[in-house]
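Since the structure comes first, as structure tokens, the remarks are kept for the end.
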Amino acid sequence: DIHIGDGVLVWMAGPDAGIYAIAEVIQTPEIYTELPDPEYWLTPKNAKLDKPRARLKFTRKLLGQPLRRNELKQDQILRELLVIRAPNSTNFKVTEQQWQRVCALKG
């Protein structure tokens, strides 16, 4: 379901969880035998590489002012993000309304 040109919200988990970047898919997902940019990822050395991965281009980095989970939970639209309601996965679909709301706040 991931295609070139799709918008991406990059989530960082942990105590300060939230949206830390906005990106765009620039390459169709594929399985890599090794990560193209291993110095970027916090991936364990023994991580499995048997799942397709999409390459991204960051369009906006929010490192200094991320949209943190506690703030998102207060927003009428963004509190319904799947990453908040059902966080046990890797990729989550975002509705058009949710995408527009993030862009209005940080775009």
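Out of 69, 55, which single residue is basic (Lys, Arg), farther than 14 Å from residue 11 by Cα and surrounded by 13 or more Cβ atoms within 10 Å (Cβ to Cβ)?
Values: 69 fails: farther than 14 Å from residue 11 by Cα.
None of the others qualify; the one that does is 55.
Among residues of segment 72-84 being among the hydrophobic types (A, V, I, L, M, F, W, C) and assigned to a helix (DSSP H, G or I), the one that is surrounded by the fewest Cβ atoms within 10 Å (Cβ to Cβ) is 82.
Among the residues of segment 25-39, just one is surrounded by 15 or more Cβ atoms within 10 Å (Cβ to Cβ) and at pLDDT 95 or above, namely 25.
Taken over segment 85-100, the criterion of being touching a strand residue (DSSP E or B) at 6+ places or on another chain (Cβ under 8 Å) and assigned to a helix (DSSP H, G or I) is satisfied by 99 alone.
State which residue is farthest from residue 64 (Cα to Cα) when the search covers only segment 1-33 and only residues that are among the aromatic types (Phe, Trp, Tyr) and assigned to a strand (DSSP E or B).
In the first step, residues of segment 1-33 are kept if they are among the aromatic types (Phe, Trp, Tyr); the result is 11, 20, 32.
Subset that is assigned to a strand (DSSP E or B): 11, 20.
Numbers: 11: 14, 20: 9 Å.
Restricting to residues being among the aromatic types (Phe, Trp, Tyr) and assigned to a strand (DSSP E or B), the top hit is 11.
The values are calculated or read from the model by the stated rules, or taken from the named source; none is laboratory data. Since we're looking at a predicted model, the values are computed, not measured. So basically every Cβ, Gly included, is an ideal-geometry build from the backbone, and we count neighbours across all protein chains shown.
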